[in-house]
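The values are calculated or read from the model by the stated rules, or taken from the named source; none is laboratory data. Here the structure is a predicted model, which is why all the values come from computation and not from measurement. Here the Cβ positions follow ideal geometry from the backbone for every residue, glycine too, while neighbour counts run over all protein chains shown.
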């Protein structure tokens, strides 16, 4: 079932190190930072939606807005498992790309972001299906006739 996203609300933020999550991608993540764990808790108590944004430098422990790429992905938390060492393994599915317009640190407990939708209109002309078919045919040839 496709979820309808509300781009007029703020989402808890999970800053990511060394990974980018795209729409329709399902990926497990290991979370250990306190603010990130708090963001997951808030998300689980509400609508299970969270904004994922990659840090430009993975070494930064407490990222600020300038340390994050402006485009991220709103994701749904599919599964969450608390591990004995205090970290959390979370399975997320990317739903939609979004642009971060504002970063707020809710009482220093977790990050929350305002986002706006990134719409990419797709223009399909008469040549598009032909090009798509050619690409797929060439890719098939590459796979099977290397």
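Taking the options 6, 41, name whichever one is within 17 Å of residue 113 (Cα to Cα), surrounded by fewer than 19 Cβ atoms within 10 Å (Cβ to Cβ) and modelled with pLDDT of 95 or more.
Working: 6 fails: modelled with pLDDT of 95 or more.
Exactly one residue qualifies, and that residue is 41.
Output the residues belonging to the stretch 108-120 that are outside any strand (DSSP E or B) and either in contact with a helix residue (DSSP H, G or I) (Cβ under 7 Å, 6 or more places away or on another chain) or over 15 Å from residue 62 (Cα atoms) (or both). Show your work before the answer.
Taking the stretch 108-120 as the starting set, the residues that turn out to be outside any strand (DSSP E or B) are 108-109, 118-120.
Listed by number, the residues that qualify are 109, 118, 119, 120.
Go through (1) in a loop (DSSP other than H, G, I, E, B); (2) closer than 19 Å to residue 17 by Cβ one by one and return the number of the condition residue 105 breaks.
The one condition residue 105 does not meet is (1).
Which numbered condition trips up residue 60, out of (1) farther than 26 Å from residue 4 by Cα; (2) in contact with a strand residue (DSSP E or B) (Cβ under 9 Å, 6 or more places away or on another chain); (3) free of Cβ contacts under 8 Å to residues at least 40 places away in the same chain; (4) loosely packed, with under 13 Cβ neighbours inside 10 Å?
(4)
Among what's in the stretch 70-85 and is farther than 20 Å from residue 114 by Cβ and outside any strand (DSSP E or B), pick the residue that is nearest to the chain's Cα centre (by Cα).
83
Would you confirm whether or not the stretch 16-24 contains a residue that is within 18 Å of residue 114 (Cβ to Cβ), without any contact (Cβ under 8 Å) to a residue 40 or more places away in the chain, buried (at least 19 other Cβ atoms within 10 Å of the Cβ) and under 15 Å from the mean Cα position of the chain (by Cα)?
Scanning the stretch 16-24, I find no residue that is within 18 Å of residue 114 (Cβ to Cβ), without any contact (Cβ under 8 Å) to a residue 40 or more places away in the chain, buried (at least 19 other Cβ atoms within 10 Å of the Cβ) and under 15 Å from the mean Cα position of the chain (by Cα), so the answer is no.
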